[in-house]
Amino acid sequence: MKRRYFWLISILVSSLLLILTGCGHSQASHRHTKVLNIIGWSEYVPQNVLDDFTKETGIRINYISYSDPDQMLSKVLSSANGTYDMVLAPGMYVQTLQKLGRLEKLNKNKIPNYKNINSLALNKPYDRHNQYSSPYLGTVVGIAYNKKKVKNKITSYQDLLNPSLKNQLVTVEDSRAVVGCALMATGHKINDTSKPALKDASAYLKKLKPNIQIFDGASPKTPLINNQVSAGLVYGGEIALAIKNNPNINVVYPKEDIYFSYDVFMKLKKAPNGSNVEKFINYMLRPNVSVKFSKAFPYYNPNNKAVKLLPKDLRNNPAVMVPKTVLKRSQTVLDIGKNTSKIDEVWSNFKGNN
């Protein structure tokens, strides 16, 4: 009898332990839902901003980085739905991911700070009704030049062909941006892949090639700061840092149209932590938060209220706060599908042209 009672007590104790363990597991699972999995550009979102979001909300962020958008697309498409909750990528990928059925519409009711976004950053061709994306920072390609080294006035892409600039230019290593500038330099639209347009762009790039000393996609500001080159086609944030480090550097926006692209947040379909996406975007659109990533990465900030909080040196820097008159004549690259191979061919011929 004693053995029997002991056996019954053992079963009751074991059952109680299982129940308690189950409760603990349930609580742990609940805690696990307080996570947000983001795939985004490397070294582009300040870590202190992510940490502060976690402190305030209890939502832990897993930030998976990439260095090339093609790498991002490969990771997203090769992963099961639910691996990532959201993406930070160039605006053109809204089209790409939407076509592939990978995007979920944002719930704007949960993003009241969306109202802080400059109207010029909204209703872009890749997201006409702002259903799938929220702008983060914008990238312009301008002409940077050293006023002590460049004697001829620069107002146009055509001025970069001047023989006096032979072996004196740096350009970003970005096919869509550089070929896009060549297209606009010759009177075409940035996404035009017709034979006449690409022929004109190729002819422009062939003339430009002797003047290029360096292709640099990582830090094109460095040869400008070090006086290694005199001018170049460079991203606005890089120009801003060059100006900060070398007072002889200036920026000019060509009289033709200019390249401009926003990086945007997107919500992925079947995101396991989907409810946290809108919370994060709303947090990032707070003026006092948005100003932090402008200080860390001085690209164009489309948050009207955050701009008012910028330090004067950033607010008055035309490489950071691109004038509205310039933004109004900007063009953005779009997903052109199979025609991308035509741009790749122009780029390959350009870089291989001795």
Quick check on the stretch 213-222. Is at least one of its residues surrounded by fewer than 17 Cβ atoms within 10 Å (Cβ to Cβ), among the basic types (Lys, Arg) and touching a helix residue (DSSP H, G or I) at 6+ places or on another chain (Cβ under 9 Å)? no
Go through the stretch 32-74 and give me each residue that's at pLDDT below 95 and basic (Lys, Arg). 34
Test: residue in the stretch 88-95 that is surrounded by fewer than 20 Cβ atoms within 10 Å (Cβ to Cβ) and not aromatic (Phe, Trp, Tyr): yes
From 169, 198, 233, residue being crowded, with 23+ Cβ neighbours inside 10 Å, farther than 19 Å from residue 90 by Cβ and in contact (Cβ under 8 Å) with a residue 12 or more places away in the chain: 169
Does residue 77 satisfy being buried (at least 16 other Cβ atoms within 10 Å of the Cβ), assigned to a helix (DSSP H, G or I), assigned by TED's automatic domain parsing to the domain that holds residue 289 and modelled with pLDDT under 95? no
Take the residues of the stretch 182-195 that are touching a Ser or Thr at 6+ places or on another chain (Cβ under 9 Å) and in contact (Cβ under 8 Å) with a residue 24 or more places away in the chain: which is nearest to residue 259 (Cα to Cα)? 190
Can you name the number of the only condition in (1) in contact with a helix residue (DSSP H, G or I) (Cβ under 9 Å, 6 or more places away or on another chain); (2) modelled with pLDDT under 95; (3) among the polar types (S, T, N, Q) that residue 301 fails? (2)
Taking residue 19 and the conditions (1) modelled with pLDDT under 95; (2) under 20 Å from residue 134 (Cα atoms), which numbered condition does it fall short on, given that it satisfies the others? (2)
Which is within 28 Å of residue 349 (Cα to Cα) and of a type outside the set (Phe, Trp, Tyr), of 272, 247, 223? 223
So residue 90 fits all but one of (1) modelled with pLDDT of 50 or more; (2) on the phi < 0 side of the Ramachandran plot; (3) more than 16 Å from the chain's Cα centre (by Cα); what number is the exception? (3)
Taking residue 100, is it surrounded by 12 or more Cβ atoms within 10 Å (Cβ to Cβ), among the aliphatic types (A, V, I, L, M) and at pLDDT below 95? yes
Number of the condition not met by residue 282 [criteria: (1) more than 30 Å from residue 79 (Cα to Cα); (2) polar (S, T, N, Q); (3) in the same structural domain as residue 48 (by TED's automatic domain parsing)]: (1)
Being among the polar types (S, T, N, Q) and more than 20 Å from the chain's Cα centre (by Cα) is the filter here; which residues of the stretch 296-316 pass it? 316
Go through the residues of the stretch 127-134 one by one and say whether even a single one is touching a residue at least 24 places away in the same chain (Cβ under 8 Å), in contact with an Asp or Glu (Cβ under 6 Å, 6 or more places away or on another chain) and either aromatic (Phe, Trp, Tyr) or part of a strand (DSSP E or B) (or both). yes
Tally of residues being within 21 Å of residue 235 (Cβ to Cβ), surrounded by fewer than 16 Cβ atoms within 10 Å (Cβ to Cβ) and of a type outside the set (Lys, Arg) across the stretch 335-354: 2
Scanning the stretch 245-287 for residues that are among the basic types (Lys, Arg) and crowded, with 20+ Cβ neighbours inside 10 Å gives 267
Of those in the stretch 309-334 that are surrounded by 12 or more Cβ atoms within 10 Å (Cβ to Cβ) and among the charged types (D, E, K, R), the residue nearest to residue 143 (Cα to Cα) is 329
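The values are calculated or read from the model by the stated rules, or taken from the named source; none is laboratory data. Remember, it's a predicted structure, so these values are computed and weren't measured experimentally. As a convention, Cβ positions derive from the backbone with ideal geometry for all residues, glycine included, and neighbour counts pool all protein chains shown.
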